[in-house]
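Single-structure report; data block below.
Rule-based calculations on the coordinates, nothing more; no lab input. Not measured: the values here are computed from a predicted model. Using ideal geometry, Cβ is built from the backbone for each residue, glycine included, and neighbour counts are taken over all protein chains shown.
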Ligand SMILES: [Zn+2]
């Protein structure tokens, strides 16, 4: 049985659900958080120590 669910994650900063997010750590020692593109760009601009950890997408393979 396969149920198709639309899986989204909320952005850590703006709390909106997105189907594609970017994994990043604001500071080196923080746990991974998910950010939407807009918030990731803000984070990039404001934090020098942030770490980029890849992309998360709700759709894996089609
Ligand atoms: Zn956001």
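Computed extension length for residue 8-residue 20: 3.6 nm, one decimal, from 0.36 nm per residue of separation with the Cα-Cα distance subtracted. Shown here: segment 9-57, whose C-alpha atoms stretch 26, 17, 14 Å along the first, second and third principal axes, sorted largest to smallest. Considering helices alone, the calculated mean residue ellipticity of the chain at 222 nm is -4500 deg cm²/dmol, with DSSP H runs of length four and up weighted by -39500 (n - 2.57) and normalised per residue. The modelled label-to-label distance for the pair residue 59/residue 45, using points 7 Å beyond Cα in the direction of Cβ, is 3.0 nm. Measuring nothing but how far apart in sequence close Cα pairs (under 8 Å, 6+ apart) lie, relative to its length, the chain scores a relative contact order of 35 percent. Relative to the longest principal Cα axis of the chain, at what angle does helix 37-46 sit, 0 to 90 degrees, rounded to 10? Taking the Cα atoms of the chain, the angle to 37-46 is about 10 degrees.
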